[in-house]
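Data first, discussion second: the structure below is written as structure tokens.
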Amino acid sequence: MNARLVLEDGTVLTGAAFGARTTVVGEAVFNTSLTGYQEIITDPSYRGQMVCMTVPHVGNTGVNTEDVESDRPQITAFIVREVSPVVSNWRANETLDAYLVRHSIPGISEIDTRGLTRKLREEGVLRAALSTDGMHDEAALLRMAREWEGLDGRDLVREVTSREAYRWVEGTRAAWTPAPASGGQAGINESVMDDGPLVVAYDFGIKRNILRRLTSHGLRLTVVPADTPAADVLAMQPDGVFLSNGPGDPAGVPYAAAAVAELLESGVPMFGICLGHQIIGRALGAETYKLKFGHHGGNQPVSDSDSANVQITAQNHNYAVAEEGLPPNVQVTHRNLNDGTVEGLRLTDRPVFCVQYHPEASPGPHDADLLFARFAAMVKEKRGRFID
């Protein structure tokens with residue numbers, strides 16, 4: 001069945017439909033990763049976006065239950081040059097097409113993805129409408145794309161965050177014990193407690209591999225919803241606070257910046273990734289702004305002033321922190337070598353740092369994985385002082 005992708009500038013791309021039969025609108029972006037389409041599809045940071053893969057052949061490894069970054073696909077639509085009808089992976093239990101059908105996500109293939117990528121690179125992010133059900137003509141799709149509200153200023157985090165707190169234990173969610181009706185404090189089931197330092201992780205759209213990397217360093221994790229007040233987090237007496245990745249415009253989640261501003265004053269060690277980095281920037285008084293076409297892929301070069309080297313990083317964001325508004329106690333530690341944007345910050349008077357990219361990869365290179373060890377060392381140092 002034919003599929004139509006119509007961009008807000010009037011460009012019409014006709015190809016073959018796969019995945020669900022439906023019509024959707026979203027923000028078209030491209031991703032330069034050569035592998036890991038399953039992790040990309042399930043990354044909550046892509047909420048509201050149609051992802052165009054620059055690698056031409058997609059789907060040959062199918063879909064399995066281990067390589068997901070959340071419990072469902074998060075993209076609005078999937079755009080590829082060619083989708084493989086054959087799966088060659090012993091771990092796969094489903095084809096890409098069947099997986100997208102099951103989760104009501106449409107896809108379009110057999111189009112010039114290189115041409116689409118060049119257009120987005122030159123013109124910037126574009127709103128788009130995709131129809132795989134044949135229910136709308138080109139004029140109707142163009143109108144839908146142009147009338148769509150877009151992502152700027154929207155709170156997409158509430159669509160992907162957990163509805164309740166939970167413990168992450170050996171790759172699974174453990175129950176959070178609610179407060180008794182007669183009063184008292186909510187807490188974690190004692191049967192899953194251990195002796196590691198406690199890190200409270202804000203879920204703005206957290207990827208599972210972040211949780212895996214944090215726990216691999218002996219940290220005990222409690223994950224809380226995005227709108228959890230700072231006072232509730234501090235009441236848990238955490239040894240550290242982690243701020244996760246997530247979708248959309250950081251200006252759309254002012255409650256997060258307000259909570260982080262309060263946590264910054266507490267002196268608790270803090271580490272932020274992607275949206276978490278942007279929220280720290282806003283909590284410090286800086287502005288954030290939208291990039292022309294964003295950074296999406298596994299080959300972004302970043303200079304690290306601490307290590308005096310260059311790291312090849314995985315990235316997925318459309319917004320950046322403006323350096324001009326940062327206070328004097330903030331040091332820029334990382335820069336994107338393609339466009340010079342701020343990729344990392346560190347406070348000189350508190351144990352707080354953050355990066356714009358994804359050190360957990362999944363997919364992508366592991367050059368920056370050492371940041372998890374750095375955070376774990378900060379957390380364990382604080383816990384050691386407390387015990388002494």
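Output needed: percent of Cα pairs per 5 Å distance bin for the stretch 2-147, bins running from 0 to the one holding the longest distance.
So the P(r) values, bin by bin, are 2, 11, 21, 25, 21, 12, 6, 2, 0.
Helix 254-266 versus the longest principal axis of the chain: what angle, 0 to 90°, nearest 10, using Cα atoms?
Roughly 30 degrees between the two axes.
Quick one: Cα centre-to-centre distance for the stretch 263-301 and the stretch 225-253, in angstrom?
Computed from Cα coordinates, the inter-centre distance equals 13 Å.
Angle check, please: helix 113-123 long axis (alpha carbons) against the longest principal axis of the chain (alpha carbons), in degrees 0 to 90, nearest 10.
Orientation of helix 113-123: about 60 degrees from the principal axis.
Which one, Thr333, Gln237, Gly384, projects farthest toward the positive side of the charge dipole computed for the chain from Cβ point charges (K/R +1, D/E -1)?
Toward the positive end, the furthest listed residue is Gly384.
Around Ala129, with a cut-off of 10 angstrom between Cβ atoms, what is the net charge of the other residues, counting Lys and Arg +1 and Asp and Glu -1?
+1
Determine the shape class of the stretch 281-388: with a ≥ b ≥ c the square roots of the Cα gyration tensor eigenvalues, call it rounded for a/c under 1.5, and otherwise prolate if a/b is greater than b/c, oblate otherwise.
Oblate is the answer for the stretch 281-388, as a/c is 1.5 or above yet b/c matches or exceeds a/b.
Per DSSP H run of n ≥ 4, the term is -39500 (n - 2.57); total these for the chain, divide by its residue number, and report the mean residue ellipticity at 222 nm rounded to 500 deg cm²/dmol.
Rounded to the nearest 500, it is -6500 deg cm²/dmol.
Sort 26-32, 244-250 for me by packing, meaning the mean count of neighbouring Cβ atoms within 10 Å per residue, highest on top.
Packing proxy ranking, top to bottom: 244-250, 26-32.
Could you state the per residue volume, in Å³, of the convex hull enclosing the Cα atoms of the chain?
Roughly 146 Å³ of hull volume per residue.
For the chain, what is the percent of antiparallel DSSP beta bridges, rounded to the nearest 5?
Of those bridges, close to 65 percent are antiparallel.
So which residue, out of Val332, Val87, Val125, gets the largest mean-square fluctuation from a GNM of the chain using Cα contacts under 10 Å as springs?
Of the options given, Val87 has the highest mean-square fluctuation.
Kindly work out what percent of the DSSP beta bridges joining two residues of the stretch 2-147 are antiparallel, to the nearest 5.
Approximately 60 percent, going by the DSSP bridge assignments.
On each of the three principal axes of the Cα atoms of the stretch 157-387, give max minus min coordinate, whole Å, ordered largest first.
The Cα atoms of the stretch 157-387 stretch 56, 33, 31 Å along their principal axes.
Using +1 on the beta carbon of Lys and Arg, -1 on that of Asp and Glu, and nothing else charged, what's the dipole of the stretch 201-295 about the Cα centre, debye to 20?
Result for the stretch 201-295 is approximately 540 debye, rounded to the nearest 20.
In degrees from 0 to 90, rounded to the nearest 10, what is the angle of the helix 138-147 Cα long axis to the longest principal axis of the chain?
20 degrees
About the Cα centre, and with charges only on the beta carbon of Lys, Arg (+1) and Asp, Glu (-1), how big is the dipole of the stretch 102-167? Nearest 20 debye, please.
320 debye
Measure off 7 Å from each Cα along the Cα-to-Cβ vector at Arg146 and Asn338, then give the distance between these two points in nanometres to one decimal.
3.0 nm
Could you give the size of the charge dipole of the chain about its Cα centre, using +1 on the Cβ of each K and R and -1 on the Cβ of each D and E, expressed in debye and rounded to the nearest 20?
260 debye
On full extension of the chain, what length is gained from Ser104 through Ile312, given 0.36 nm per residue of separation minus the C-alpha to C-alpha distance?
Extra length from Ser104 to Ile312 when fully extended: 71.5 nm.
Coordinate-derived values only; no laboratory data. This is a predicted model, so every value here is computed, not measured. Heads up, the Cβs are rebuilt from the backbone with ideal geometry, glycines too, and the neighbour counts pull from every protein chain shown.
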